[in-house]
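S.K.: Submitted below is the structure of interest, expressed as structure tokens.
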Amino acid sequence: MLKKLLTISLFTFSLSNSVFASVPQEASIKQAIKLADINETLTETIKATSATFNEQAALMVKRRTGHTTPTVQDTDAAHKISQIMSQNITDMMQALDINKLTEDAFRKYYTEEELQVYIKFLSSPEGQSINKKSPILVQDIMKSFSNTFQNNIELKEKMKASNNEMQAILKSLPKAEKVAATEK
């Protein structure tokens, strides 16, 4: 009987530990962020996406000019547009406190147990290798997305129709000046 009671107690205890996962500890959050090298990963991701910005800018210029072969002016314009896109992303990232945002997200979505597994993973050579490949992975996904979108006429038409529908909904709303005038 005592053995049965002890077994039930241990089972209940282990069940309660798995059901009531613990809140992530600040030290674990900091360690996970350090091992994930969030700032470097973000910097590398931004660098990797610059190739995608170059392609998008060239496509924008091509659509505007209709030139099949870019002129010097087209190339210069595409370069400037790409630089603006890259600078906007860089400025946005600098304005954000990435570590704080990451800490908040880790606190919100991870338990202490999950963070410990993540830390163990990132502490391994495989984890570091996978983490370092993340920016390249993001670039590849973005490039594939962009290419798929550009080559899929049906999808482009659906997106255009959706944009037109959203614009119609927005146009049905009063403009800010009218709203401000009626509230006075």
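One line per residue, one yes/no per condition, for (1) under 16 Å from the mean Cα position of the chain (by Cα); (2) within 22 Å of A58 (Cα to Cα); (3) acidic (D, E):
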{"residue": "Q94", "(1), (2), (3)": "yes, no, no"}
{"residue": "Y109", "(1), (2), (3)": "yes, no, no"}
{"residue": "E112", "(1), (2), (3)": "no, no, yes"}
{"residue": "K120", "(1), (2), (3)": "no, no, no"}
{"residue": "G127", "(1), (2), (3)": "no, no, no"}
{"residue": "N131", "(1), (2), (3)": "yes, no, no"}
{"residue": "V138", "(1), (2), (3)": "yes, yes, no"}
{"residue": "I141", "(1), (2), (3)": "yes, yes, no"}
{"residue": "S146", "(1), (2), (3)": "yes, yes, no"}
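S.K.: Starting from residues that are more than 29 Å from L137 (Cβ to Cβ) and either touching a Cys at 6+ places or on another chain (Cβ under 9 Å) or not in a helix (DSSP H, G or I) (or both), keep the ones in the stretch 13-40 and report whichever is modelled with the lowest pLDDT.
M.R.: Per the stated criteria, the residue is F20.
S.K.: If only one of K80, K62, K47, K133 is over 28 Å from S22 (Cβ atoms) and either touching a residue at least 40 places away in the same chain (Cβ under 8 Å) or of a type in the set (A, V, I, L, M) (or both), which one is it?
M.R.: Values: K80 fails: either touching a residue at least 40 places away in the same chain (Cβ under 8 Å) or of a type in the set (A, V, I, L, M) (or both); K62 fails: either touching a residue at least 40 places away in the same chain (Cβ under 8 Å) or of a type in the set (A, V, I, L, M) (or both); K133 fails: either touching a residue at least 40 places away in the same chain (Cβ under 8 Å) or of a type in the set (A, V, I, L, M) (or both).
K47 is the lone residue from the list that is over 28 Å from S22 (Cβ atoms) and either touching a residue at least 40 places away in the same chain (Cβ under 8 Å) or of a type in the set (A, V, I, L, M) (or both).
The values are calculated or read from the model by the stated rules, or taken from the named source; none is laboratory data. What you see is a predicted model; the values in this text were computed from it and never measured. For neighbour counting, all protein chains shown are included, and Cβ atoms are generated from backbone atoms with ideal geometry for every residue, glycine included.
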